Each structure stands twice: as structure tokens, then as C-alpha cells.
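Worksheet: the structure to be examined is printed underneath.
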Amino acid sequence: MASKPNRSIVERMFARKSIAQVQRETQTSELKRSLGKWNLLLLGVGCIIGAGIFVRTGSAAALHAGPAVLLSFVVAGIVCAFAGLCYAELSSTLPVSGSAYTYGYTTLGEFVAWIMGALLLLEYGLAASVVAVGWGGYVVSLLADFGIVIPPQFTGPTGYTLMRDGAPVLVDGQTVTTIFNLPAFLICVALAALLVVGVSESAKVNNAIVAIKVSVLTAFIVVGGLIVLPNFGELVTKNWVPFIPENQGDGEFGVSGIIRAASIVFFAYIGFEAVSTAGQEAKDPAKDMPFGIIGSLVVCTVIYMLVAAIMTLLVPYNTLNVPDPVAVVVDNFGPQWGWLAKIIKVGAIVGLTSVVLVLMYAQTRIFYTMARDGLLPKVFSRVNKRFHTPAVNTVVVGLVTAMAAGFFDINVLGDMTSVGTLAAFAIVCLSVIYLRRAAPELPRGFKVPLYPVLPVLGILSCLYLITSVPMNVLMFFVYYMIGGVALYFVYGIHNSNLQHGDPQDDAPDMGEFPGPVIEN
């Protein structure tokens, strides 16, 4: 079917879904305003705490900030607060339970929604790969505690020298060059298979997993604190002097290293936007949403800083460039704490398994929604008659995630995830500014304070953190986006339902993943 006549290419690119259309697409459930401010705060804490602190903190400290990684958490938390307030306004204004993709489609138009979809592939798809690599690191460490050793060349990305405790791992006197990260690959394949046949986590299971993750970090902080406090002065002199290591250029230590590390530990905050998706269920959005978002960010920042402080006090920061930094530190608690080390590793593995699952789930549902809009081939929205899941979609996501986890370095994957997420957050902040100007009459349950200062600061701070990542990652990001834009003009703009004036595809709605959908 031909697209509507007499429309320029620019008009077609920035065609928007109407708010009424979005309302029709999301009228399958009635949401009750039952969540208070403490409910929202706990939701945020449960969603935020996860893979970031278990996986990315070590490399941020070892390669860029040293002990000053504590300050990096503060910087990243502030940037997230700017974006979080913008998410809160959009979620209270637009009656959608979906993602930033739908926000973009409704405010800035189809082309921006397509770009957002490409960015969300980095935020969810590659984030799942990062978490899978971290999962593999903890599994390898735990198995080693029981005398089970996976051949080291199959525990890391292709072509890297295997490192442990800041030094190359030697086998028969030779350094080990890794070939493939088999554990990370296998967990992605296994969880993709589960998603194909249909996995539905109940709220109780989700709550249990959140409790396990928080308990693991609490145990780490308490026991680590008991070890640190009697020896605080000695440990500070040994591992915290200097607190900010001397700048070595290119984001290695110094103030620039703190900023570079902020772009890395930013990964630890991905998930706070889950609070904003509850805007339609908040009892008093104007008061409860900012409390839930800012409160959860503050609580998690304090927890992260305590964990990072113990990590960098107990072991030299340059030994933490590993997928499982918490495991490295608990192994240094001493032999009397060996039983706790095993429990902490098991808890981390359980929590990370759930994270990989929900990230892969979220990515398949984004592809599903885009396919229903005509922006991706219909095969991505085709539901398997036996399992009632988008099977082909899930297999593709599973294979891409598994291959990335198996072949690529965790630092490169993490940087790509952070860049994609920061760019998506900047677009969300821009969407708030646009909607304020284009539709000032819309009822808003919550408004960003100090408008337009905070949205502008959100955009600028996100872009600034993006510039701190390595040039090779930025170039990959540029090429990736160029490819995405080309694909839009080759396929998306010609097949979009909105361009044809077609009604929404009648494929069955996959619904929401029960419980928190983003845990990083």
C-alpha cells in the first residue's frame, strides 16, 4: 500500500502517533492508583541494584578512578536524577505503560522513535551480554571454590590475555589468550530457550530475587566493614593514598578519570526508569514520583559508595579489572569467611541470572512493538501458536546476545550500553521540552521542577558523559547509528503502519513482564 500522497520526506519522518491512538493501544488494563511514595522508592531500589555494582565497578576503579570511584557514583547519580525527573513527567502525561520508544513516537515522531529503538537495543540487548559476562565470572569463581576448573581459554573474550589480581594468569608458565567466553554464551542460550517456551516470573519470585541481591550486598558491607574498621588507618595508607591517582591522560585517573568512570558506573543505575513507568499507579504523582526516583537514587548511591569503599580498601584497586570484582574481594576476607564468600557468589549468580532474563525479555518486547508498528519485519511480532511467545524474535535476540557475550570484552560491551542509554536519556529530556511547547494544555500529574533548566542539564550532562568514552567506542556507535538510519530509509519508512494510515497490527499483546522489568 502506498503511503499518503503530498507528504514530504521530512513530514513522513516526523509523523507522530496521536495521544488518542496511544490511549487506544494501552486500554487493555485499568491501573489503580495504589502505590505510595515508599512503594515507589522500594521499587526503584529493587530495580537499580544488580549487575552494575556486581560487574562494572571493578573496571571503573582499576582503569580510571581508583578509590575516587566513590565520586563517580555521585556524578552518575546526579545525571540519572535529571533524566529520571523527565521520565516522571512523561509517564504522568502520556498514558502509556511502554518504554521511551513510545514516548519518542508520540512526541518527536517516527524517525526519533526508530532511533530510540536502535538505542534501546544497546540498552537492553548489549546490557544482557554485559551481565552474562559478569555471570560467567562469578560462576567460574564459585566452581573453582569446589575444585571445578573450566579451561581458562574458554572464560574470556576472543584474543585477550586472561588477567587475575592485576597480573596475567599463567598456565604451565605461559600466559593464557582467551578464545571464547563459554559460560556467558551458554547462559544467554539457555535463557533464550526459556523465554521461547514461556517464562513468567511471579511477583513473589521477583521479590525473593531482589531480597537475595540486597541481602548479598548487605552481608558484603557488614562483614567488610567489620574487617575494615579495626584496620582503617592502615588500609587507607595502603590502598587509598592517593585517593585520586595522578592523571595519566585519556581518562586514566585524575578528575577526567572520575568522569570517565562515571560513564562506566552509570551502568549500575540503569533501571531507575522503572519507577517512572508506575506514574499512572502512584497515589499522588506530583509528590510521590520525585520522592521515589530521587529517593531510590540516593539510597542506591549510598549503598554503591559503601560497597566501592570496602572493595578499594581491602584490595588494591588495580586488581579489580575482572568480571566478578565482588568475588575477588570476598576471597580476601580470609579463610574463616570462606563459607560467606560462597553464599555471596551464589547470591550474585541468582540475581544476575534474573537480570539477563528480564533484559532479554525487554528487548524482545521492544522488537515486538516495533514490528507491530511496521518498523521491523512482521516475523518479529509473529507469535508461536504452541508457546504463545514471539519465538523467532526471541531466538534472534538470544543469538545476538550470546554471540556478543561470547566474543567481546566486557568493558567494550559496557561502554556501548552506557552510550546507548545516555543518548536515549537525552532524547527523553528533549521530549519533555518539546511536549511542554507543543501541548502545554495536557494534564500532567507531575512536572519537572525548575523547567527548562533541569531538562537542559539532563541533555548536556548525558552528552558530556558520552564524550568521555574511548574514541573507538564512539566510532562504533557512530557507524551503528548510520547503519540504523540507513535501515530506516530502506525499510522502516516504507513499511510503517503510521505512514500507510493502517490500524495497529492485530497480533495479540504480549503483556507486561511481572515485577521489575529492568535490573542492572
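Pairs from the list K37/K345; K213/K345; K238/K345; K213/K342; K213/K283 with a Cα-Cα gap above 21 Å: K37/K345; K238/K345; K213/K283.
Over the chain, accessible surface divided per residue gives 40 Å², non-protein components excluded, 1.4 Å probe. For segment 56-67, putting each phi into the Karplus relation 6.51 cos²θ - 1.76 cosθ + 1.60 with θ = phi - 60° gives couplings of 8, 4, x, 5, 4, 6, 5, 9, 9, 10, x, x Hz, in residue order, rounded to whole numbers and with x for Gly and Pro. Taking the Cα centre of the chain as origin and assigning +1 to Lys and Arg Cβ atoms and -1 to Asp and Glu Cβ atoms, the resulting dipole is close to 1040 debye. Per residue, the average separation of C-alpha pairs within less than 8 Å and at least 6 apart gives the chain a relative contact order of 34 percent. Descending by average beta-carbon neighbour count within 10 Å, the peptides 82-88, 368-374, 191-197, 445-451 line up as 82-88, 368-374, 191-197, 445-451, the highest first.
Peptide packing: for 391-397, 245-251, 181-187, the average count of neighbouring Cβ atoms within 10 Å per residue gives the ranking 181-187, 391-397, 245-251, highest mean first. Here the accessible area is traced with a 1.4 Å probe on the protein chains. For the chain, carbon and sulfur cover 67 percent of it.
For Y317, the solvent-accessible surface with a 1.4 Å probe is about 50 Å², rounded to the nearest 10. FRET efficiency for the A486 to V379 pair, using the beta carbon distance and R₀ = 22 Å, is estimated at 0.60.
Packing, as the average of other Cβ atoms within 10 Å across residues, places the peptides 290-297, 456-463 in the order 290-297, 456-463, highest first.
The values are calculated or read from the model by the stated rules, or taken from the named source; none is laboratory data. Computed from a prediction, not measured in an experiment: that's the story for all the values here. Glycine also receives a Cβ, built like all others from the backbone with ideal geometry; neighbour counts cover every protein chain displayed. Just the protein is used for accessible areas: all its heavy atoms, side chains included, with ligands, DNA and RNA removed. Shrake-Rupley method; radii C 1.70, N 1.55, O 1.52, S 1.80 Å.
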